[in-house]
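Note sheet for the following structure.
The values are calculated or read from the model by the stated rules, or taken from the named source; none is laboratory data. The structure presented is a predicted model; accordingly, all values stated were derived computationally and were not measured. Cβ coordinates were reconstructed from backbone atoms using ideal geometry, including for glycine residues, and neighbour counts include every protein chain displayed. What goes into the accessible areas is simple: the full protein's heavy atoms, side chains included, and nothing from ligands, DNA or RNA. Shrake-Rupley method; radii C 1.70, N 1.55, O 1.52, S 1.80 Å.
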Amino acid sequence: MSEPDPGAGAGAGAGRLERDDAPPPARCAPVLAAAFVREPAMAWIAGGSDRVRRAWFSATLRTHATLPGARRHLLTDGTGRPVASAVLTPPAAVPSGAARAAWAARTLVGCGPRALVRTLRYLHAAEAGIPTGAWTLEFIGVEPEAAGRGAGGRLLGHLLAATPAPGGVFLTTADEANVRLYRRFGFTVLRRLTVGPLEVTAMWRPAARADAR
């Protein structure tokens, strides 16, 4: 599930941006909640509720941070305001039973049973086809006010270059408009699947030669 900056390529017009490669989940969650306001999968899960979407990202990133080797990236503008964020999961990493139970409880309380059930449906379908050894780009998004200025492209280019991924990088998107952008960064379509009303595209970017050594 991902929502890049659709308006620009890597670095185009992004201006002065500072990068944090180890931000706390609490700094990333609001950025992604704002970025995903119109993303189809998130709209289906959250039902269009800002409150539910914010609670969902808070619970999900808090759980994701328990994974050994999990990565988060954040871009801030010249004033220190976060404008873009990305979250990646290492190959074959899964939360512990306790972490999963805590996530389910937080999601149920903060988002309601519908959001919990729909999230599980999406994850069950999307995670079934992850290539062996691949990292997963869980989320990438840009604050709406900063969209179209290249922050998303810059962040995506950085994380692809900086992540040691001999098995490549995997992602899913429920927004067909994103597929063309990801192709520009070397992703290819693995399969297409239907989850509820969503048409989801699973994509994979093979490792560059240097990464595969």
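Run residue 59 past the list (1) in contact with a strand residue (DSSP E or B) (Cβ under 7 Å, 6 or more places away or on another chain); (2) assigned to a helix (DSSP H, G or I); (3) of a type in the set (Gly, Ala, Ser) and report the number of the one that doesn't hold.
Unmet condition: (1).
I want to confirm something. Restricting to region 88-116 and keeping residues that are touching a helix residue (DSSP H, G or I) at 6+ places or on another chain (Cβ under 6 Å), among the hydrophobic types (A, V, I, L, M, F, W, C) and closer than 27 Å to residue 163 by Cβ, which single residue is least open to solvent (accessible area, probe 1.4 Å)? First the steps, then the outcome.
Taking region 88-116 as the starting set, the residues that turn out to be touching a helix residue (DSSP H, G or I) at 6+ places or on another chain (Cβ under 6 Å) are 95, 99, 103, 106-108, 110-111, 115-116.
Imposing the further condition that a residue be among the hydrophobic types (A, V, I, L, M, F, W, C) reduces the set to 99, 103, 108, 111, 115-116.
Now restrict to residues that are closer than 27 Å to residue 163 by Cβ: 99, 103.
Values: 99: 13, 103: 30 Å².
Ranking the qualifying residues of region 88-116, first place goes to 99.
Given the structure, is residue 163 open to solvent by less than 10 Å² (accessible area, probe 1.4 Å), farther than 22 Å from residue 41 by Cβ and touching a residue at least 12 places away in the same chain (Cβ under 8 Å)? Steps first, answer last, please.
Numbers: open to solvent by less than 10 Å² (accessible area, probe 1.4 Å): yes; farther than 22 Å from residue 41 by Cβ: yes; touching a residue at least 12 places away in the same chain (Cβ under 8 Å): yes.
Here the answer is yes, as residue 163 does meet what is asked.
Looking only at region 40-73, count how many residues are over 14 Å from residue 141 (Cα atoms), buried (at least 16 other Cβ atoms within 10 Å of the Cβ) and touching a residue at least 60 places away in the same chain (Cβ under 8 Å).
Looking only at that region, the number is 7.
If residue 142 meets every condition in (1) surrounded by 20 or more Cβ atoms within 10 Å (Cβ to Cβ); (2) closer than 16 Å to residue 172 by Cα apart from one, which number is that one?
The failed condition is (2).
Residue 197 - would you say it is open to solvent by 70 Å² or more (accessible area, probe 1.4 Å) and at negative phi?
The answer is yes for residue 197.
Within region 124-139, which residues are within 16 Å of residue 36 (Cβ to Cβ) and modelled with pLDDT of 95 or more?
First, pick out the residues of region 124-139 that are within 16 Å of residue 36 (Cβ to Cβ): 126, 137-139.
Matches in region 124-139: 137, 138, 139.
So residue 26 clears everything in (1) at pLDDT 95 or above; (2) among the aliphatic types (A, V, I, L, M); (3) open to solvent by less than 20 Å² (accessible area, probe 1.4 Å) except one condition, right? Which one?
With respect to (1) at pLDDT 95 or above; (2) among the aliphatic types (A, V, I, L, M); (3) open to solvent by less than 20 Å² (accessible area, probe 1.4 Å), residue 26 is out only on (3).
What is the number of the single condition among (1) in contact with an Asp or Glu (Cβ under 9 Å, 6 or more places away or on another chain); (2) without any contact (Cβ under 8 Å) to a residue 12 or more places away in the chain that residue 88 does not meet?
With (1) in contact with an Asp or Glu (Cβ under 9 Å, 6 or more places away or on another chain); (2) without any contact (Cβ under 8 Å) to a residue 12 or more places away in the chain applied to residue 88, the lone miss is (2).
If you scan region 74-83, which residues turn out to be surrounded by 15 or more Cβ atoms within 10 Å (Cβ to Cβ) and either among the acidic types (Asp, Glu) or farther than 20 Å from residue 135 by Cα (or both)? Give the steps one after another, and end with the answer.
Of all residues in region 74-83, those surrounded by 15 or more Cβ atoms within 10 Å (Cβ to Cβ) come to 74-77, 82-83.
Scanning region 74-83 gives 75, 76, 77, 82, 83.
Within 27 Å of residue 44 (Cα to Cα) and of a type in the set (Lys, Arg): which single residue out of 149, 118, 154 fits that description?
On the way: 149 fails: within 27 Å of residue 44 (Cα to Cα); 154 fails: within 27 Å of residue 44 (Cα to Cα).
The conditions single out 118.
Residue check: is residue 119 of a type in the set (Val, Ile, Thr) and open to solvent by less than 10 Å² (accessible area, probe 1.4 Å)?
Numbers: of a type in the set (Val, Ile, Thr): yes; open to solvent by less than 10 Å² (accessible area, probe 1.4 Å): yes.
Spelling it out, residue 119 is indeed of a type in the set (Val, Ile, Thr) and open to solvent by less than 10 Å² (accessible area, probe 1.4 Å).
Return the residue satisfying two criteria in turn: it lies in region 122-135 and is touching a residue at least 12 places away in the same chain (Cβ under 8 Å) and more than 21 Å from residue 53 (Cα to Cα), and of such residues it is most open to solvent (accessible area, probe 1.4 Å). Spell out how you get there, then give the answer.
In the first step, residues of region 122-135 are kept if they are touching a residue at least 12 places away in the same chain (Cβ under 8 Å); the result is 122, 125-126, 129-135.
Right, trim to more than 21 Å from residue 53 (Cα to Cα) and you get 129-135.
Details: 129: 27, 130: 59, 131: 34, 132: 138, 133: 35, 134: 3, 135: 20 Å².
Of everything passing the filter in region 122-135, 132 is most open to solvent (accessible area, probe 1.4 Å).
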